[in-house]
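**Student:** Dropping the structure in here first, questions after.
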Amino acid sequence: MDEVIQVTQWLSSITPRKKAKLFFFTTHADAPSPMVGSNDVDTHEETQLPLATTVALHNFKNIDEFLKKKVNTFSCYNVIENEITKTDYEYLRFYSACKYLDVVPPFLDLEKISAIQNKFEMTDEERDYRLLLDSADLVLEKVCDSLKPAGVSQMWTALRKDRNLIRGVKTIDIIGFFVDPNPTGIKECLFFFIVRFLQKADKINRVNTNRLERLIAQCDESSSCEEWKTIDFIIDSLRFYPTELYPFGFCLIMCVIEGRDGAMQEIEKTMEISRHLGMITHTEKNPTKETIELVKKELMKPKYQFYSSFTCWFMSHGDSNSMVLADGETIEREWFLTSFPDISTFQLKPKVFFMVSCRGANKFSLKGDEFEGQSATCDYYDIGSALIRNRMLDITDSVRDISYVQPMMDTLVAYSTILDHLSGRANTHGSIYVDRACVLMSENISRGRSLTEILEHLSQDLHEILQETMDEDRIVYKQACHYDSFFRKTLKLPYTRHPKEDVHSAPQ
């Protein structure tokens, strides 16, 4: 069959709502960089004009032409070995969006996709199409689905009133002031136009969504929300880090085994909980400084830009400032923590560090006969309002900026103990902190709990446990853990375990 006919038939089989979503996912705002053939200027003609004309004319002709152009480009594209190009990235995004929306063209060359994935050095686990979807766009899709056409129309009216923001923007004038968003697919096009416009104007990104939240807050709840949804519910959904679908993120486990009883148990527990949470996991046993540098270099590869979050478990001996590596050398804890968050592939994404080591030799000792022989360090341990706002500063958009971000932002560092104190271990099971952390995360999956809620529960749980030193003094003591957070949103654990799909070298 002629390719033109195939493309026409494919487009005619897609509903207007799915066309709008396919366009939105394909014109993703934060493409990885640097890449061959990529530039920083994404013309509004490509990402905003088709949406604007569709809303104004109630006609999907320009979106159809855009999708045809994409298909034709991919059809003629020859995959070049080694170099990662802008087209490579677009091809993967297009395929994943089609797969997600269940509109994969029957004529799409899956062998090319497999070849592109080879260039990205993707493992079998990473060839799951869900990795390629942008979690922030998926959250925005759900926000759109929660709003009625009237709600999006009210957002548009509120946006049009911000003259400083829309001055000189031709696509705004194309749509006009009054919009009828009721025809099928027009609500989606208008909402996605608003989102892409705010992104291009540097008013929102995957972390900073205040400007979008303020537009939604101006909607009338009775007419703007779909059934069982409220304005508060919709806004709250934007206040979590976007970690939709599988995988939940990338997990790096570094564990010094030498001289640390129970270290293999620590690895097994952290691997099990990370997989249970739907993370793709990599383990480094007995890391050295060279190992750490190689891992940092690995994490800078383009494929890691597809991940939604980064988690690192580092387990070793240590003191107040340093951690002991497998070869006996030490590294400064501060150096380790500040070098990873600066990796560009995980910017604007949550980064969590579990630092499991002693930070000194001090102990919160417990004295008295009633404490003798009671500790978890031995093998007895069983795993098992308006007026107020009017008085506040009026912070205008002119003094807000989301372009420049401190490297440590969106990072959380969880310490197994407080400064200058011991971090306890069980004789055979390894770190008690690691064990309790894994147990609590496992118990709280599907309960909608945030990571910080679980860490606070962990702090309470750990501080109840009596531990005993392994020296001849056999001092009974308690351990206190804590965390430092630079988070700007809430990181929730997934509601369900996300199983990986059965994928091989070629996508199914």
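**Student:** Looking at 272, 284, which is the one that is open to solvent by 30 Å² or more (accessible area, probe 1.4 Å), part of a strand (DSSP E or B) and over 23 Å from residue 487 (Cβ atoms)?
**Tutor:** Only one candidate qualifies: 284.
**Student:** Can you tell me which of 180, 145 is open to solvent by 30 Å² or more (accessible area, probe 1.4 Å), closer than 24 Å to residue 58 by Cα and at pLDDT 95 or above?
**Tutor:** Within the list 180, 145, the selection yields 145.
**Student:** Follow-up. Out of 101, 132, 57, 108, I need the residue that is among the aliphatic types (A, V, I, L, M) and buried (at least 22 other Cβ atoms within 10 Å of the Cβ). Which one?
**Tutor:** Answer to the selection: 132.
**Student:** So which of 211, 206 is open to solvent by 10 Å² or more (accessible area, probe 1.4 Å) and touching a Pro at 6+ places or on another chain (Cβ under 8 Å)?
**Tutor:** Being open to solvent by 10 Å² or more (accessible area, probe 1.4 Å) and touching a Pro at 6+ places or on another chain (Cβ under 8 Å) holds for just one of 211, 206, which is 206.
**Student:** Let me ask something additional. Sort out which residues of region 97-154 are β-branched (Val, Ile, Thr), within 30 Å of residue 182 (Cβ to Cβ) and within 24 Å of the chain's Cα centre (by Cα), and write them in order of number.
**Tutor:** If the condition is that a residue be β-branched (Val, Ile, Thr), within 30 Å of residue 182 (Cβ to Cβ) and within 24 Å of the chain's Cα centre (by Cα), then 139, 143 are the ones that fit.
**Student:** Of all residues in region 409-434, how many are surrounded by 16 or more Cβ atoms within 10 Å (Cβ to Cβ), of a type outside the set (Ser, Thr, Tyr) and over 15 Å from residue 480 (Cβ atoms)?
**Tutor:** Looking only at that region, the number is 8.
**Student:** Which residue is most open to solvent (accessible area, probe 1.4 Å), if the candidates are limited to region 435-475 and must be more than 26 Å from residue 360 (Cα to Cα) and in a loop (DSSP other than H, G, I, E, B)?
**Tutor:** This residue is 447.
**Student:** Of all residues in region 403-422, how many are closer than 30 Å to residue 468 by Cα and in contact with an Asp or Glu (Cβ under 6 Å, 6 or more places away or on another chain)?
**Tutor:** Adding up the residues that qualify gives 1.
**Student:** Also, quick follow-up: Somewhere in region 302-323, is a residue assigned by the TED database to the domain that holds residue 411, in a loop (DSSP other than H, G, I, E, B), on the phi > 0 side of the Ramachandran plot and not small (Gly, Ala, Ser)?
**Tutor:** No, there is no match, as no residue in region 302-323 is assigned by the TED database to the domain that holds residue 411, in a loop (DSSP other than H, G, I, E, B), on the phi > 0 side of the Ramachandran plot and not small (Gly, Ala, Ser).
**Student:** Something else about it: Identify, please: which residue in region 218-250 is assigned to a loop (DSSP other than H, G, I, E, B) and among the hydrophobic types (A, V, I, L, M, F, W, C) and is, among those, surrounded by the fewest Cβ atoms within 10 Å (Cβ to Cβ)?
**Tutor:** Looking at residues that are assigned to a loop (DSSP other than H, G, I, E, B) and among the hydrophobic types (A, V, I, L, M, F, W, C), I get 228.
The values are calculated or read from the model by the stated rules, or taken from the named source; none is laboratory data. Quantities reported herein were computed from a predicted structural model and do not represent experimental measurements. Backbone-built Cβ (ideal geometry, glycine too); neighbour counts: all protein chains shown. Please note that ligands, DNA and RNA were not included when accessible areas were found on the heavy atoms of the full protein model with its side chains. Shrake-Rupley method; radii C 1.70, N 1.55, O 1.52, S 1.80 Å.
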